[in-house]
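The values are calculated or read from the model by the stated rules, or taken from the named source; none is laboratory data. It should be emphasised that the depicted structure is a prediction, and the values quoted were computed from it without experimental measurement. A quick note on method: Cβ atoms are made from the backbone with ideal geometry, for glycine too, and the neighbour counts reach across all protein chains shown. Quick note on the areas: whole protein, heavy atoms, side chains included, nothing else; ligands and nucleic acids left out. Shrake-Rupley method; radii C 1.70, N 1.55, O 1.52, S 1.80 Å.
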Amino acid sequence: MRPHWDHAFASGGVYQEPDNWSKLLDPVFRVGERLYGQYSMRRIWAAWKKAALLEPGVRLGGNARLINKHTRDAARIGENTVCRGIIRVERGARVDIGKEVYLGDEAIISAMESVTIGRGTLIAHGVQIFDNTSHPIDWRGRERHFKRILGQPVDGSIEIPTAPVSIGEHCWLGFGSAVLKGVTIGDRSIVAAGCVVTKDVPPDTLVVSSMATFIDLNKQG
C-alpha cells in the first residue's frame, strides 16, 4: 500500500483501505514524525468504517480523526475524498461530505446540527467549520458547561446555539479561515486565508479580509 503524497504542506501521506491487508508489501508507513504499522492502520480504518459511511476511494491521513456520537449514517464521506483533519458529530447532528473533497491538516468540522460540503471543495489546513458556538452565550451557562466537561454534577439543561452550515461545490477555503453557524457558501466561491465568515456568501465570490469583504469573481479580469 503506497501513500499518496497529496499536498506540499501535508504531514505524510494519505491511504486508501487495501483490498487485502495480508498482501501488503510495506508493513510500516511514516506519517510526519510517527510510524504507523499495518496493525495501527487497520485499527484506524476499522474505527472510521464503524463510525461513518465511507464511499469508495476515501483516503485517510495518519492524524485524521472522527468522533461520531450519533448513528453511523449521520456521517457520510464521499467518493475519493481525502481527510487529514478532525470531524466531530454530536448526538442528533449530521455531516455530509461530497466526493473529491479535501480536508487538510488540523482542519476541524464540528456539527451539533448539520454541516454539508459539496463535491470538489478544498478545505485547507487549519480551517474551522462550526455549526455551533461551542459554548453557551450566557456566562452562567458557560460556567455550568465547563463544569460538566470537567465531570462535575450540573443541574438543568445547557443550551448551545446552533444553525446549519452549507458549503457548496468546488469551493476553496483558505488556511486558517473559519465558517461559523448558519452560513451558506455558494458554489465555486473562495474564502481567503484567515477570514471569519459569519454571513452567507453568494456563488462565484471571493471573500477577503477579516471583515469578510465580498468580491464578485465573475467581474474579475
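Quick notes on this one:
- Filtered by the rule that a residue be closer than 12 Å to Leu53 by Cβ and crowded, with 22+ Cβ neighbours inside 10 Å, the range 70-88 gives Ala75, Ile77, Thr81.
- Identity of the residue in the range 137-150, part of a loop (DSSP other than H, G, I, E, B) and at pLDDT below 95, that ends up most open to solvent (accessible area, probe 1.4 Å): Ile137
- Count of the range 181-196 residues, restricted to those that are open to solvent by 50 Å² or more (accessible area, probe 1.4 Å) and touching a strand residue (DSSP E or B) at 6+ places or on another chain (Cβ under 6 Å), is 3.
- Selected residue (only one of Ser209, Ser189, Ser134 is farther than 21 Å from Gly118 by Cα, free of Cβ contacts under 8 Å to residues at least 40 places away in the same chain and in contact with a Cys (Cβ under 8 Å, 6 or more places away or on another chain)): Ser209
- Residue list for the range 164-214, restricted to those being of a type in the set (A, V, I, L, M) and assigned to a loop (DSSP other than H, G, I, E, B): Leu180, Val183, Ala192, Ala193, Met211, Ala212
- If you check Gly174, Gly104 for being among the small types (Gly, Ala, Ser), open to solvent by less than 10 Å² (accessible area, probe 1.4 Å), within 26 Å of Lys69 (Cβ to Cβ) and touching a residue at least 24 places away in the same chain (Cβ under 8 Å), only one passes: Gly104.
- Test: Ser157 is among the polar types (S, T, N, Q) and either in a strand (DSSP E or B) or buried (at least 17 other Cβ atoms within 10 Å of the Cβ) (or both): no
- Verdict on Arg59 being touching a strand residue (DSSP E or B) at 6+ places or on another chain (Cβ under 8 Å), open to solvent by 60 Å² or more (accessible area, probe 1.4 Å), under 29 Å from Ser134 (Cβ atoms) and modelled with pLDDT of 90 or more: no
- Filter result (in contact (Cβ under 8 Å) with a residue 24 or more places away in the chain and more than 21 Å from Arg188 (Cβ to Cβ)) within the range 137-164: Ile137, Ile160, Pro161, Thr162, Ala163
- Residues of the range 105-117 that turn out to be over 12 Å from Val165 (Cβ atoms) and modelled with pLDDT of 95 or more, as a count: 2
- You will find that of Ile167, Ile190, the residue that is touching a Leu at 6+ places or on another chain (Cβ under 7 Å) and under 16 Å from Val101 (Cα atoms) is Ile190 and no other.
- Among the residues of the range 112-132, the ones that are open to solvent by less than 80 Å² (accessible area, probe 1.4 Å) and more than 19 Å from His70 (Cα to Cα) come to 9 in all.
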